[in-house]
Amino acid sequence: MNSFERAREFAKKYIDPVAKQLDEEAKFPKEIFDKLGEEGFFKIMIPKEMGGEGGTIKDHSQICMALAESCASVGLCYMMHNVALMCILANGNDELKNKIVKEILEDKKLCALAYSEFGTGTHFYIPEMGIEHKENSCVLNGSKSMVTSAEYASYYLVLVPSKKEGEIDNWVVPIDKKGVHFEMKAWNGMGMRSNASCPMLLKDVELENMYRIGEWGSGQAQVFSVVAPYFILGLASVYSGLGKAISTAANEHAMKRKYPSGQSLANIETVQIHLAKIYNRTHAAEAFTKLAAEKAERGDADAVVDIIAARVNASEAAIETSIDAMRVAGGKGYNKQNPIEKYMRDAYASQIMAPSVDVLTIWLGKLITDQPIP
């Protein structure tokens, strides 16, 4: 059983029965993530020599896609864990890596990102957090605007101004540090409602230097060399998975809804056109995302270009597909008789998740014309 099949089997068993409830309650799916930890999904990206499964970026993509087909929020929050973990594994000191890996393996701890800013928004590599440097530690004061998996994850990666002039650093903030708070009531998303993407407040949070990832001033390099590929490909995977869910829901609705004559919606030519467009966009997004994952796994020189393109394509395809699916469903979809209305709300979130589709499109245009990106 490959990674995608394993995750789809899990999703059908544990996510599908509660997906509608998760959206309605807008609460983080704690029970599902407890089960993901029990089933070994948190350790997939940990190297075998450290006790994990030695998964690749392709496994990361396949699992995110498979989970998102049942619930985009679950796929997204799982993706954040892998991204944060890979950054720690790639750049963290041995003490930090061993501590966090041990806790993931033994205690099923989850990691997350806390990069979004109130002021600079999707340009999260321009942090506003205040930091005071001491001899063997630092003290953080400030806030992050949208922290996925708030209150559930045990470790949150934050970007802060570096001791090295004009640079940034990546730090790990444990949830149990004094001064860490979350404004849970501030989250009421239009879509992706069970992300728990609320603000995180840090007041006089002291972190030992062990929690800094990498050398002073290396934060931006980490963002573009490790975080970006896993994160952007992960989003392409999440929204490719959501697109598949939209396509399935539209087809099922079109075939099940009958006229008195026995004719179904699927027999109507206009509906067939919509369904065909949905199918084409969905499978194109999936194929492009899989291609990008394969290139990344091989280490192809142009992998980053296709990763960015796959994310832009998957995000835009999910939105366009949801519009056509709503046309197929009509009033039944609009008044929540089927999940298409939820899928549409989830799809619209894809264009604004950092880096936004606008930012990524600019980056793509620069890369394919041999220009540098930030």
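Annotation: lysines with alpha-carbon distance below 16 angstrom to Lys332 (same-chain offsets under eight excluded): Lys20, Lys256, Lys258, Lys342. Residues in segment 162-227 average 47 Å² of solvent-accessible surface per residue, probe 1.4 Å, ligands and nucleic acids excluded. Among the listed pairs Lys13/Lys97; Lys109/Lys290; Lys108/Lys290; Lys27/Lys336; Lys30/Lys97; Lys109/Lys177, a Cα-Cα separation exceeding 23 Å is found for Lys13/Lys97; Lys109/Lys290; Lys108/Lys290; Lys30/Lys97. With the dipole of segment 209-355 worked out from charges on the C-beta (+1 for Lys and Arg, -1 for Asp and Glu) around the Cα centre, which of Val227, Gln272, Ala301 lies farthest toward the positive end? About the Cα centre, the residue reaching furthest to the positive side is Gln272. The fraction of all Cα pairs in segment 187-226 landing in successive 5 Å bins from 0 to the largest distance is 5, 16, 13, 12, 18, 19, 13, 4, given as whole percents. Going through segment 120-179, which GluC sites (Glu not before Pro) have at most 16 other Cβ atoms within 10 Å and a DSSP loop state? When the GluC sites (Glu not before Pro) of segment 120-179 are filtered for loop state and at most 16 Cβ neighbours within 10 Å, Glu128, Glu135, Glu151, Glu165, Glu167 remain.
Adding -39500 (n - 2.57) for every DSSP H run of four residues or longer, then dividing by how many residues the chain holds, sets the calculated 222 nm ellipticity at -16000 deg cm²/dmol.
Considering only DSSP states other than H, G, I, E and B, which trypsin sites (Lys or Arg not before Pro) in segment 139-174 qualify as loop sites with at most 14 other Cβ atoms within 10 Å? Here the sparse-neighbourhood loop sites are Lys163, Lys164. For helix 269-298, what angle does its Cα long axis make with the longest principal axis of the chain, in degrees from 0 to 90 and rounded to 10? With rounding to tens, the tilt is 30 degrees. Charged neighbours of Thr289, selected by a Cβ distance under 12 Å, balance to +2 (K, R count +1; D, E count -1).
Using a 1.4 angstrom probe on the protein heavy atoms only, could you order Met65, Met255, Met353 from most to least accessible area?
Largest accessible area first, the list is Met255, Met353, Met65.
Ile131 sits among other residues whose Cβ lies under 15 Å from its own Cβ, and their net charge, with Lys and Arg +1 and Asp and Glu -1, is -3.
Kindly express, to the nearest 10 degrees and within the range 0 to 90, the angle between helix 228-256's C-alpha long axis and the longest C-alpha principal axis of the chain. Approximately 20 degrees, to the nearest 10. The fraction of accessible area contributed by carbon and sulfur in segment 154-305 is 53 percent, rounded to a whole number (1.4 Å probe; ligands and nucleic acids excluded).
Please build a GNM for the chain, connecting alpha carbons under 10 Å apart, and tell me which residue among Ala90, Ala314, Ala354 fluctuates the most. Residue with maximal mean-square fluctuation among Ala90, Ala314, Ala354: Ala90. Spin-label model, Glu95 to Glu39: label points 7 Å out along the Cα-to-beta-carbon direction sit 3.7 nm apart. Farthest toward the positive end of the dipole of segment 1-140, out of Ile88, Ala7, Ile126, is the Cα of Ala7, where the dipole comes from beta carbon charges about the Cα centre.
The value of relative contact order for the chain, using C-alpha pairs under 8 Å at least six residues apart, is 17 percent.
For Lys163, the aspartates and glutamates whose Cα falls under 17 Å of its own Cα, not counting residues fewer than eight places away in the same chain, are Glu128, Glu132, Glu135, Glu206, Glu208, Glu215.
Using only alpha carbons, the chain has a radius of gyration to Kirkwood radius ratio (Rg to Rh) of 0.99. Other residues lying with their Cβ under 14 Å from the Cβ of Leu364 contribute a combined charge of -3, Lys and Arg counting +1, Asp and Glu -1. The C-alpha radius of gyration of segment 1-128, expressed as a fraction of 2.2 N^0.38 Å, stands at 1.10. Where both bridge residues fall in the chain, DSSP classifies roughly 90% of the beta bridges as antiparallel. Expressed in units of 2.2 N^0.38 Å, where N is the residue count, the Cα radius of gyration of segment 226-365 is 1.15.
The values are calculated or read from the model by the stated rules, or taken from the named source; none is laboratory data. Computed from a predicted structure; not experimentally measured. Because the Cβ atoms are built from the backbone with ideal geometry, glycine has one as well, and the counts that use them run over all protein chains shown. In case anyone asks, the SASA skips ligands and DNA or RNA and just uses the protein heavy atoms, side chains included. Shrake-Rupley method; radii C 1.70, N 1.55, O 1.52, S 1.80 Å.
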